[in-house]
Amino acid sequence: MNGLLTIYRKKDTPPSILAELLNKGLKTLSHRGSDACTSFTFNSGMLPAGPSDGTAARTVAGSCSAAKDASPVASGNGRLLFFDGRLINKSELCRELSLEAERVTDAEIVLQLIGREGSRCFRRLKGAWALIWLDAGNKTIYGARDRFGCKPLYFCHSGGQFALASESRTLYTLFDDVRSINRRTVIDYLLWGNIGRQDQYFFRDIYSLEPSHFVKYATESGELTVERYYSLPCNRSREPYSRDAGEAYPEKLNRLLTDSVRGNMQLFDGPLAIGVSGGTDSSSLLCAAKRVDPRRDLVAYTTTDSYDGGEACWAEKMVRHTGVEWVKVVCTAKDIVEHLPEANRVHNIPLYNASSITQYRMMEEIKKHGQAVFIDGQGGDEMLGGYPDYFPLFLQSLRKNGEWGRWWRELSLAGNAGLTKKDLLLRRLKLWAKAHYYHPEKLAQRKRKFQYESLMPRERALYFQQSSPLPELKKEVLNDALFESYTLFLGNILRWGEHSAASYGIECMMPLSNDPDLAEFVFSIPSSYKIHDGWNKYLQRKSMAGMVPDEICWRRQKMGFYIPEQNWLNEMGLALFDTIQKLHDPEECINKKYLLENRNRLYTPANLLFQQFAFRCYSYLLWRNGLY
């Protein structure tokens, strides 16, 4: 894991100023690779500046904070590359380039590909990666990010400067002119908790490079462009379910999922940590890892609590089944209060609920136990259909396809997905009401009245006058919703685990999110196979049958990443409101007078939505007052 940073200044800048900026920026990235630091300074021709340049102005500076074994820098033929990540298809690329895999680094392989194909080579790179490429010949700076957003990369372009960095905190720490807070994002976060649908929009002039994209900055003209280099193919057909295909798809899925786990495991030596909740995704990865390398030291980590233990009872079944070492990480309301300021700083944005604190605590324990690599199961729900909201769309597509017999059968068996007919009806009615009756402000006034009143009138009025920056994809079949989740929202979800792991110098590997072969196969399968006989994630359950114990594989209860949120919020009330009262709100988005006057009436266990809103106010003010 490496921390990347490159700064371009259009105006002549003394070397000492650039060096100071680089050093300050690298301090914000030191957790990503504190063992070594590589810095380069360039003259106005984008050539490395040597001693003979004397006091000549340097206009471009690039640097990389790197781990000892990462070898993140490669150069040659007027090109310099900073690379963060691992290629799971390294052997394949080395054969093509006639290179010995043991003698070259990932960065050197990518640089050779760039020399042959330019930016077209980005779609050839499989794995989790981000890069910065300086091209002296074209006087151009490039930044690129992997297909599904496992590795982060941010950029800013204001005044006479352009910069790329692995974390947004680096950019807003270095440059005063990119610190303007986006009030629309603040209101969106506070009112709806929509942080999973967006990544870094809290600052108007700092942008997250989206997955499957690269940014290109021409230093002479000042022209900046962002281009997509890859689009995930998606089968949007209404092909009905076939028993023969229904048997063949799971078999290939098992093989590809196991290959992805194998490819990720082979990138690292030593023991591996793996998060185990007792759900389908983490259980599949643990069993696949055990099958790939039975002798490899695997350590399972499970978050638990002091109330009911969460999902520890299910995780214990998996630990006994595989015989791996098990570490339980207890998280309490006190831990949240204690760790939230630092966790907000690490994530560069305010946490919207306590689940990221539990992830953060897990990484802390992994670091204490000496593991340097963590295997995460994110991406399975988005790719294979794990969320309850997918079920109504699936039923709708069956109805539109005229498959009334199967529609009734799936509706009758929805209990296998932990849903009742009443649940499905209510979900369908809510979706209809949002689409045809409630506009956003009316929905807020009706369904989130007290949260709505707890925002300053001017800011909420401006918020509802603006349209959402997110594209609205038309969803007619289940694959449409899965495609939206996997390509538009997944990268924003992955950042929580990645940033938590990076804060402790841990590499976070995501086999369900960093392997294009696996993703392309799953999205080539028609929607009708993703849910079957009432089972969500049917393909994965079927593919893992015989590897994962039946009681886990065919478990009806879907809890996601379970946290005892209600209990924690009940305990935190006093500390939460004391902090809200004391902290300044520079953008004046929160109506603190209304919030504090009504706290005893509204902050109750019967009003969970308001408790969650108050937590977001608390988290936001801690983050906002802790900047820079």
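The values are calculated or read from the model by the stated rules, or taken from the named source; none is laboratory data. All figures in this text were calculated on a predicted structure; none of them were measured in a lab. We place every Cβ from the backbone using ideal geometry, glycine too, and count neighbours over all the protein chains shown. Accessible surface is based on the protein model in full, side chains and every heavy atom, while ligands, DNA and RNA are left aside. Shrake-Rupley method; radii C 1.70, N 1.55, O 1.52, S 1.80 Å.
Can you tell me which residue among 241, 249 is part of a loop (DSSP other than H, G, I, E, B) and aromatic (Phe, Trp, Tyr)?
The match here is 241.
For segment 204-233, what are the residues that are under 16 Å from residue 161 (Cβ atoms), open to solvent by 20 Å² or more (accessible area, probe 1.4 Å) and of a type in the set (Phe, Trp, Tyr)?
Once the filter is applied, which keeps residues that are under 16 Å from residue 161 (Cβ atoms), open to solvent by 20 Å² or more (accessible area, probe 1.4 Å) and of a type in the set (Phe, Trp, Tyr), segment 204-233 yields only 207.
Kindly indicate which of 377, 415 is in contact with an Asp or Glu (Cβ under 8 Å, 6 or more places away or on another chain), touching a residue at least 12 places away in the same chain (Cβ under 8 Å) and open to solvent by less than 70 Å² (accessible area, probe 1.4 Å).
Just a single option satisfies the conditions, and that option is 377.
Looking at segment 478-495, can you tell me whether even one residue there is outside any helix (DSSP H, G or I) and open to solvent by less than 40 Å² (accessible area, probe 1.4 Å)?
No, segment 478-495 has no match at all.
Okay, residues lined up against (1) touching a residue at least 60 places away in the same chain (Cβ under 8 Å); (2) hydrophobic (A, V, I, L, M, F, W, C); (3) open to solvent by less than 20 Å² (accessible area, probe 1.4 Å):
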| site | (1), (2), (3) |
| --- | --- |
| 249 | yes, no, no |
| 276 | no, yes, yes |
| 285 | yes, yes, yes |
| 296 | no, no, no |
| 315 | no, yes, yes |
| 319 | no, yes, yes |
| 326 | no, yes, no |
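Could you check segment 119-148 and list, in sequence order, the residues that are in contact with a strand residue (DSSP E or B) (Cβ under 9 Å, 6 or more places away or on another chain), at pLDDT 95 or above, not in a strand (DSSP E or B) and not basic (Lys, Arg)?
The answer is 119, 122, 125, 146, 148.
List the helices (runs of 4 or more DSSP H) that sit entirely inside segment 311-398 and contain at least 1 residues that are within 24 Å of the chain's Cα centre (by Cα) and under 24 Å from residue 280 (Cβ atoms).
Counting at least 1 such residues, we get 312-322, 355-368, 380-384.
Filtering segment 508-542 down to residues that are assigned to a loop (DSSP other than H, G, I, E, B) and of a type in the set (Gly, Ala, Ser), which residue is nearest to the chain's Cα centre (by Cα)?
513
Taking segment 166-184 on its own, how many of its residues are open to solvent by less than 10 Å² (accessible area, probe 1.4 Å) and among the acidic types (Asp, Glu)?
1
When the residues of segment 153-165 are narrowed to those that are touching a Lys or Arg at 6+ places or on another chain (Cβ under 6 Å) and not hydrophobic (A, V, I, L, M, F, W, C), which ends up surrounded by the fewest Cβ atoms within 10 Å (Cβ to Cβ)?
Among those residues, the one meeting the criterion is 160.
Does at least one position in segment 426-441 carry a residue that is of a type in the set (A, V, I, L, M, F, W, C) and surrounded by 18 or more Cβ atoms within 10 Å (Cβ to Cβ)?
no
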